[in-house]
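The values are calculated or read from the model by the stated rules, or taken from the named source; none is laboratory data. Not measured: the values here are computed from a predicted model. FYI the Cβ positions are ideal-geometry reconstructions off the backbone, even for glycines, and counts take in every protein chain you see. All accessible areas refer to the heavy atoms of the entire protein, side chains included, with ligands and DNA or RNA removed. Shrake-Rupley method; radii C 1.70, N 1.55, O 1.52, S 1.80 Å.
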Amino acid sequence: MTPANALSALGARPFAVLRLTGEAWLTARACLRALRQPRTYLPLTFAQARDIGVASVPLVAVVAMISGAVTSQQTGYQFTGSLPVWIVGSVVAASVITELGPVITGLVLAGRVGARIGAELGTMAVTDQLGALQAVGRDPVLYLVLPRVLAGLLTVPALVAIADGAGLLSGWALALLTMPVTTAEFTYGVRWWFHDFALWFSLLKGLAFGLAITFIACIVGLRTTGGAEGVGRAATSAVVAGTVAVMVLDVIFVRLLKVF
């Protein structure tokens, strides 16, 4: 690449970012307008909720159980003998509810759901199905984007709650098996730490993650070009962008937790 071409490519990047931002804003505004037609998008939303939420329960639960078990085991190694054994319950509950449950769920869904949405909409984009929808008077945002975004908003907080419960149960089970702690002591540690705001904070994270993952995947899918290769790039880009969004939002939420 010549210096002139390199400078041209570098100068084009800000315009690409601005164009992408504008497309995202227009799509979000179209979603808000489409909310006035619930008879159209609600049936589609329930179908998407089944694919996004119900189908993801086994994977989310298994990954959350592994995370809770590892947290419990590491806590036992670090603190057994220096602190009361009930502190294991407190650390597991704090780690799972405020951090591991929502973040693990978000990362799992960024891979599973983000790739699927990006590939689905990307395939429709490169095969001119989006243009066909518009030609017959159907709004692609109403039929394709809004149901997926609403399904993410509805199901991801529920999946986070499942992940929280699975992580706590696996952490409790492993603590009983590997450490000199009883169920009463573990439960005491959980109750000593637990407060209602932590649970709402966890579910709020799930709400934000669900919105980010589905909306970003839809934007990536709608912008797909280049045939089968472009669909592959769209699926990969949806996963990467969703994963980065989850991590950035998690950092923002950590700052908010310190404020409140």
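For the chain, a Kirkwood radius taken over Cα pairs fed into Stokes-Einstein (37 °C, viscosity 0.692 mPa s) yields D = 164 µm²/s.
For n ≥ 4 DSSP H runs only, could you compute -39500 (n - 2.57) per run for the chain, divide by its residues and tell me the 222 nm figure to the nearest 500? Before the final figure, lay out each step's value.
Details: 10 runs with 216 residues, N = 260.
Calculated mean residue ellipticity at 222 nm is -29000 deg cm²/dmol.
Got a number for carbon plus sulfur as a percent of the stretch 108-260's accessible area, 1.4 Å probe? Taking all protein chains in place, the stretch 108-260 shows 70 percent carbon and sulfur surface.
Given +1 at the Cβ of Lys and Arg, -1 at the Cβ of Asp and Glu and no other charges, the dipole of the chain around its Cα centre is 640 debye to the nearest 20.
Extension gain for the segment residue 29 to residue 207, taken as residue separation times 0.36 nm less the Cα-Cα distance, is 62.2 nm to one decimal. Our estimate of slack between residue 77 and residue 134, defined as 0.36 nm per intervening residue step minus the Cα-Cα distance, is 14.5 nm. In this rough spin-label picture, where each label sits 7 Å from Cα along the Cβ direction, the residue 176-residue 194 distance is 1.6 nm. Placing a pseudo-label 7 Å from each Cα along the Cα-to-Cβ vector at residue 251 and residue 225 gives an inter-label distance of 3.1 nm. A straight line joining the Cα centroids of the stretch 48-117 and the stretch 157-226 runs 6 Å.
The mean accessible area for residues of the chain, using a 1.4 Å probe and ignoring ligands and nucleic acids, is 52 Å² per residue. If I compute solvent accessible area with a 1.4 Å probe over the protein chains, what percent of it on the stretch 19-95 is carbon and sulfur? Answer for the stretch 19-95: carbon and sulfur cover 68 percent of the accessible area.
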